[in-house]
Amino acid sequence: MFSTLRISSILGLLLGCALSLFPVQNSWAENNTGPIDNPIGGVTADVLPTAQVNGVVWDQAIVGNTVYVAGEFSSARPAGAELGEQEVHRNNLMSYNLITGEMTNWTPTVNGRIRAISASPDGKRIYIGGSFNWVNGQPRSRLAAFDTKNGELVKDFSPAVGSDVLAIAATNDKVYLGGWFTSINGVPRQRLAALSASGEILSWGPSANYPVRALAISENKDRIIVAGGFTELNGESSQAIGLLDAVTGTSYPFAASGIFTNHGVDAGLGSLKIFGNQVITTGYAAGRGDFEGVASIDISTGRIDNLIDCQGNAHDATVLNNIIYVVSNSNYCAHTGNRTKKDIGYQTSAFTLKPLTKIAKREKGKYHNWEGYPTGAIVNWWNDFQSGYASGKTGWTVES
């Protein structure tokens with residue numbers, strides 16, 4: 001059995017790591033801080049040949065064997081080619097084959113940054129959101145849709161979003177949006193909205209007082225998890241994360257919304273991934289906030305079941321075979337008991353989804369003390385990244 005885990009780096013590389021399933025082993029022992037060798041369903045750190053771009057990749061979406069890549073770039077080139085060699089035009093959006101790493105001949109043109117890309121569950125559509133206003137020479141105000149069968153821009157989907165779109169989550173017949181906007185099609189919507197597949201604004205209209213940067217739909221489709229830099233949802237206190245009804249937009253009690261203090265323009269929770277009854281989120285705290293790391297949260301209650309607290313902003317995470325894979329700017333995880341590699345080089349890291357120990361008291365006083373929270377053990381999975389020239393970070397997005 002073979003699959004892939006894809007990491008997008010702002011080096012302009014889309015790095016792939018070969019997945020190899022290890023033999024089933026006994027359950028990991030409690031109070032095990034790692035590093036753990038050969039975990040069940042572990043991923044090797046072997047680099048796969050993958051297309052490259054000359055800028056930043058902010059987000060990815062996988063449909064079948066096609067990886068759709070969105071960000072800020074103007075050209076792409078084959079695996080192994082140096083910058084400036086064998087380059088072809090690709091304007092902020094491209095795709096490549098998941099198995100071979102080769103670019104497809106899909107060449108849409110988008111005139112601005114794309115911050116979010118999401119596929120409908122049936123794989124028939126790709127939605128993109130960002131700060132652009134033209135796509136393939138047609139007016140599109142910060143949101144657009146493509147037909148994956150022919151790669152063409154969907155003509156009858158052209159809503160007017162008042163400001164930047166930062167997050168998208170789609171079903172087969174509707175699409176949920178989060179971002180900076182305060183109106184869509186002239187209708188007030190405070191940073192959250194839902195549209196039909198034809199672009200009509202729906203009645204779903206909860207509000208957030210600061211930007212929404214991530215959205216996720218629960219597996220049974222009745223709940224929407226939202227994350228970002230806000231401190232209020234629907235006029236009530238909700239710090240950085242919250243739980244909403246997928247039909248009415250009503251807020252539900254969610255324990256985690258009272259735990260993290262990340263908020264504002266430069267701090268918050270920046271990604272969400274669903275894994276069964278868990279939602280995986282990542283934290284960044286360049287401004288006001290206390291959490292830099294990854295948390296696995298029970299969707300029904302908001303209980304934090306696993307908290308990976310590493311010093312340095314975490315950008316994205318995914319789960320594959322009960323392992324959490326993380327891309328981040330982290331460089332110190334010793335207080336979790338994960339003291340390896342001289343506490344450097346955590347820019348790509350892996351931890352057990354199952355918590356195996358508890359966080360110890362922090363040794364470095366200026367950071368928040370998450371002592372006592374359950375935490376997973378680190379896995380022997382190391383990748384060497386060079387910081388990218390575009391924004392000085394290593395990786396922004398990881399998909400499996």
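The HN-Hα couplings worked out from phi for the stretch 252-266 by the Karplus form 6.51 cos²θ - 1.76 cosθ + 1.60 (θ = phi - 60°) are 10, x, 8, 4, 5, 6, x, 10, 7, 9, 4, 6, x, 6, 10 Hz, whole numbers, x standing for Gly and Pro. Under the combined filter of DSSP loop state and at most 15 neighbouring Cβ atoms within 10 Å, the stretch 83-156 retains these GluC sites (Glu not before Pro): Glu85, Glu102, Glu152.
The ranking of Arg125, Arg303 by Cβ neighbour count inside 10 Å, starting from the fewest, reads Arg303, Arg125.
Here the Karplus relation 6.51 cos²θ - 1.76 cosθ + 1.60, evaluated at θ = phi - 60°, turns the backbone of the stretch 301-309 into coupling constants of 10, x, 5, 7, 8, 7, 10, 9, 9 Hz, with x for every Gly and Pro.
Using 0.36 nm per residue and subtracting the Cα-Cα separation, the extra length available between Ser183 and Ala45 on full extension is 45.3 nm. Put simply, the amide H of Tyr373, placed in the peptide plane, has neighbours under 5 Å in Ile359, leaving out anything fewer than 5 places away on its chain.
Sites listed here are trypsin sites (Lys or Arg not before Pro) in the stretch 147-185 whose DSSP assignment is loop and whose Cβ has at most 16 other Cβ atoms within 10 Å: Lys149, Lys155. For a 26 Å ceiling on Cα separation, which of these pairs sit above it: Lys273/Lys354; Lys149/Lys174; Lys155/Lys273; Lys124/Lys354? Lys155/Lys273; Lys124/Lys354, as the Cα separations exceed 26 Å there.
Peptide packing for 184-190, 228-234 was compared via the average number of neighbouring C-beta atoms within 10 Å per residue; ordered from the highest value, the list is 228-234, 184-190. Remark: the Glu82-Thr104 segment gains 6.0 nm on full extension, using 0.36 nm per residue and subtracting the alpha carbon distance.
Each residue in Val165, Val57 was given a count of other beta-carbon atoms within 10 angstrom of its own, and listing them fewest first yields Val165, Val57. Under 17 Å from a label point set 7 Å out along the Cα-to-Cβ vector of Glu152, the amide N atoms of the stretch 105-128 belong to 106-109, 124-126. Here Lys354, Lys221 are placed in order of increasing Cβ neighbour count within 10 Å, fewest first, which gives Lys221, Lys354. The Cβ shell under 9 Å around Gly178 holds other residues with a net charge of +2, Lys and Arg each +1, Asp and Glu each -1. Based on alpha carbons, the Rg and Dmax found for the stretch 130-225 are 12.9, 39 Å. With K and R counted +1 and D and E -1, the other residues having a Cβ less than 15 Å from that of Phe132 yield a net charge of +2.
Bear in mind these aren't lab numbers, they're just calculated from the coordinates by the rules spelled out. This structure is a prediction, so every number in the text was calculated from the model and none was measured. FYI the Cβ positions are ideal-geometry reconstructions off the backbone, even for glycines, and counts take in every protein chain you see.
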